[in-house]
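All remarks here apply to the structure that follows.
The values are calculated or read from the model by the stated rules, or taken from the named source; none is laboratory data. Owing to the predicted nature of the structure, the values given are computational and were not obtained by experimental measurement. Note that each Cβ is placed from the backbone with ideal geometry, even for glycine, and that neighbours are counted across all protein chains shown. Each accessible area value is taken on the protein alone, full model and side chains, heavy atoms only, with ligands, DNA and RNA left out. Shrake-Rupley method; radii C 1.70, N 1.55, O 1.52, S 1.80 Å.
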Amino acid sequence: NADMAMYHAKSQGRNNLQFFTAAMNAAATERMEMEIELRQAIETGQLELHYQPQICAHNGTACGVEALVRWRHPQRGLISPLSFIPLAEETGLIDPLGAWVLEEACRQFAIWRAADAPVLRIAVNLSAHQLRSPGLVAQVEAVMTRYEMIPGELELEVTESVAMSDPEHSFETLRALRNLGVQLAIDDFGTGYSSLSYLKHLPVQILKIDRSFVQDIESDENDASICASILALAHSQGLKVVAEGVETAAQREFLSVHACEYLQGYLFGKPEPPEVCLGRLRELSSAAASS
Ligand code: C2E
Ligand code: MG
Ligand code: MG
Ligand code: MG
């Protein structure tokens, strides 16, 4: 970190100090440049949403999609959310970014619904900052009204660490969202450290098992038993489960045997732009109908 770099630099003399200071300045400058660029990206429409199918495990039909944001940078190409969501969180840019994502996802969903596309709900990720924002509930309500969304059509995903930080306030916000008819999902379940007794009090309906546990289900007995335990726990609490990152038929089989309700992963489709995703949704549904 910067303090350590300073310390070593000082202990090694003036030239090193200058070197490290320059390196730190460069990093800070790059960050500032990226912040300015991201702000412009939001304003000039460089963000786009890709959509990934979620299927019903018991019959293989598409039931929902998750909206995942990307940044189409004019020079650097398509940038992963993993490299700009954290910056957006730190700088507060997540507010306009998150508002755009919610609006765009619901707009796309309304188009699909009008076209009778085989998709029953849309899942949108919420960041920590958004969950703390006092305007969130009104914002969600306005979007739902604008796109005439009925209860169950919009799902919001929050990670367990987000839901558990400042639990009292989170519970209250989640409950208000729930009252609007929003489905709530805990994302990346198993990676944070939430006590299971807290979970009981959260007004959520869905748990998403993190991809890291699904990945080695076939080869790692610990991961297999973690997945089975999460499923048993969730079901005992009346929750439904989405498994993330399903890539193989064997993973699908294991999860189906353990009564996992929904599956999401490259086995069924990658996140794709809306037109490509729609084609995939239709394929999944016709394959399910003919099997
Ligand atoms: P997440 O919400 O847990 O989303 C699932 C991630 O797993 C996505 O990565 C998806 O592309 C990837 N994935 C799905 N199936 C598979 C699979 O079978 N194999 C592999 N290897 N990966 C799979 P992505 O799109 O890069 O998004 C990363 C994270 O960025 C998301 O994790 C979410 O936390 C965050 N994110 C994305 N879009 C948004 C957004 O609009 N708002 C906020 N706040 N966060 C977002
Ligand atoms: Mg998610
Ligand atoms: Mg996840
Ligand atoms: Mg994940």
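Quick notes on this one:
- Per residue, the chain exposes an accessible area of 50 Å² to a 1.4 Å probe, with every protein chain left in place.
- Percent RCO, i.e. relative contact order, over the range 171-291, from Cα pairs under 8 Å lying at least 6 residues apart: 19
- Taking the C-alpha atoms only, the angle from helix 94-114 to the longest principal axis of the chain is near 20 degrees.
- Among beta bridges that DSSP assigns inside the chain, antiparallel share in %, nearest 5: 40
- Equivalent ellipsoid semi-axes, the chain, via Cα gyration tensor eigenvalues times 5, rooted, Å: 35, 24, 21
- Net lengthening on full extension, ALA23/GLN237 (0.36 nm per residue, minus Cα-Cα): 71.9 nm
- Cα centroids of the range 131-158 and the range 254-273: 25 Å apart.
- Ellipticity at 222 nm from helices only: DSSP H runs of n ≥ 4 in the chain, each -39500 (n - 2.57), divided by the residue count, give -16500 deg cm²/dmol.
- Think of each Lys and Arg Cβ as +1 and each Asp and Glu Cβ as -1; about the Cα centre, that makes the dipole of the chain roughly 280 debye.
- When its C-alpha radius of gyration is set against 2.2 N^0.38 Å (N residues), the range 130-196 gives a value of 1.13.
- Directionally averaged shadow of the range 153-291, computed from the convex hull of its alpha-carbon atoms, nm²: 9.2
- Tally of Lys pairs whose C-alpha atoms are under 19 Å apart, taken over the chain, 8 or more apart or cross-chain: 4
- Relative to the longest principal axis of the Cα atoms of the chain, the long axis of helix 2-11 lies at roughly 30 degrees.
- Whole-Hz ³J(HN,Hα) from phi, Karplus 6.51 cos²θ - 1.76 cosθ + 1.60, for the range 133-150, glycine and proline x: 6, x, x, 4, 4, 5, 5, 5, 4, 4, 5, 5, 5, 4, 9, 6, 8, 9
- Of the solvent-accessible surface of the chain, computed with a 1.4 Å probe over protein heavy atoms with every protein chain present, carbon and sulfur atoms account for 54 percent.
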